[in-house]
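Read-outs throughout are calculated quantities, based only on the coordinates presented, and are distinct from any laboratory measurement. Model, not experiment: these values are computed from the prediction. For neighbour counting, all protein chains shown are included, and Cβ atoms are generated from backbone atoms with ideal geometry for every residue, glycine included.
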Amino acid sequence: MIHKKAAALPALCFMAALLAITALDLLRPDRAFSAELKRPLAQRPTLSWQGLQNGSYTQAYQTYLDDQFIARPLLVEVSGRSQYLLGSRELKGVYLGRRQTLLPVPAAPDAQQLQKNSRRLAQFAGAMSQQLGAERVRVLLAPSAVRVWPQRLPAFAPGPQQEKELYQALTRDLPPGLTVDVCPQLVAHSDQPVYYYTDHHWTTLGAYYSYTVWAESMGLAPLSKDQITVTPSPHDFWGSSWSKVRLGGRPDKVELYTPRGLERCPVSVDGGASWQVGFYDLQKLGSGDDYGVFFGGNYPLVQVETGLDNGRRLLIVKDSFANCFAPLAAAHYQQLHMIDLRAFTGSVPQYVADHQITDLLVLYSTTGFADDRGTLALVR
């Protein structure tokens, strides 16, 4: 009898733990944002007859449960460690690389979307170079850490060739002289932390080196380090790559590069829906979403008044790689405008005309632009 009770104990403990987790999950209010996942979380979907019929409600509810599940971080960590012990060095789209580096695995893009985006980029860049002048238009597609740090890839991992081919596919039809290739500059400084150890973004240092290449291509004198105030965050953070696997890596720190004299620029978010002073939302530091310190995150539209009086207005069409780059670029312009195609619903050419834009930069990660579903706004 005693042996039977002892044999049943592990199962009873498991059931008790499962019931406790379920109870906590039901009692805890739904979260709107996950600092670990660096994104908004799915909310409870509204039940409808149509949603039940077409299956969209069931799918949305499953996503909601996955996002809100209280034990999700623990399960991710246990799964990652189990696979690591079995010899895997690629988990959930992340390479467990050398020197405690987590590198994003370059995913193969949707072939049709890649073709559309390549065509739209060439059409948009060509039209803008005719309208503004070729010397005022640039396209900068940032490489991932895999291209800059291939020596940090785990053994037997594919090299950076796939991303190189992707870059070529996106830029081959652009008018001559518009492409800014920053990869050689980043490789030349690859002994420095130009990317984060646990996040897919480049660091502000990596953005600075890339900014110097862009500025020179525009005939601008890049800011020297003496003209910039560098402020390191007092907090460590674990980035987006670590959040996927909760394994490996080393804590990162964000650095803020502020051009001298631009510390208190008025910044308008979402067409004046809200305002902030300066380029940074300092409340993000230490929140887990530390990269969100730059402008407070991603918005469809951001506008900055620098106080300069040179009549030049720069529009950056961008993804999040531009967020730490933009404060440096702002030092050369009277106004800085940023459009994120992932949420912008208007026409970019019309915006250029309406706001008397004089200079244009398309700044994306290479893989990010290949998969972007919002590029129709470039030619709308």
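With θ set to phi - 60° and the Karplus curve 6.51 cos²θ - 1.76 cosθ + 1.60, what are the ³J(HN,Hα) couplings of region 161-171 in order, to the nearest whole Hz, using x for Gly and Pro?
So the J values, rounded to whole Hz, are 4, 4, 5, 4, 5, 5, 4, 5, 5, 7, 10.
Val362's amide H: which non-local residues (gap 5+, or another chain) put their own amide H closer than 5 Å, with H modeled 1.01 Å from N in plane and none for Pro or chain starts?
Here the answer is Arg138, Val139, Leu140, Val317, since their amide H atoms fall under 5 Å of that of Val362.
Would you calculate the separation in nanometres between label points at Asp110 and Ala157, each defined as 7 Å from the Cα along the Cα-to-beta-carbon direction?
2.7 nm
Assuming R0 = 30 Å, what is the FRET efficiency of Asp173 and Arg98, from their Cβ-Cβ distance, to the nearest 0.05? Walk me through the numbers before you get to the answer.
On the way: r = 36 Å, r/R0 = 1.21.
The formula returns an efficiency of 0.25 here.
Using a simple spin-label model with points 7 Å from Cα along the Cα→Cβ vector, what separation in nm is obtained for Gln283 and Leu41?
Here the answer is 1.9 nm between the modelled labels.
Which links in Lys164/Lys284; Lys244/Lys284; Lys253/Lys284; Lys116/Lys318 stretch past 23 Å when you go from one Cα to the other? Walk me through the intermediate numbers first.
Numbers: Lys164/Lys284 34 Å; Lys244/Lys284 20 Å; Lys253/Lys284 12 Å; Lys116/Lys318 17 Å.
Checking Cα-Cα distances, Lys164/Lys284 exceed 23 Å.
Which stretch or stretches of region 364-380 have amide N atoms under 14 Å from the point lying 7 Å from Ala353's Cα along the Cα→Cβ direction?
379-380
Around Gln356, what is the net charge, scoring Lys/Arg as +1 and Asp/Glu as -1 over all other residues with Cβ under 13 Å from its Cβ?
Working: positive: Arg136, Arg312, Arg313; negative: Asp354, Asp359.
Summing Lys and Arg as +1 and Asp and Glu as -1 gives +1.
What residues qualify as long-range amide H neighbours of Leu256, i.e. H under 5 Å apart, gap of 5 or more or another chain, H built at 1.01 Å from N?
Thr231, Ser233
Which cross-chain or sequence-distant (5 or more) residues have an amide H under 5 Å from the amide H of Thr203, H modelled 1.01 Å from N in plane?
Placed amide hydrogens put Tyr195, Tyr196 under 5 Å from Thr203.
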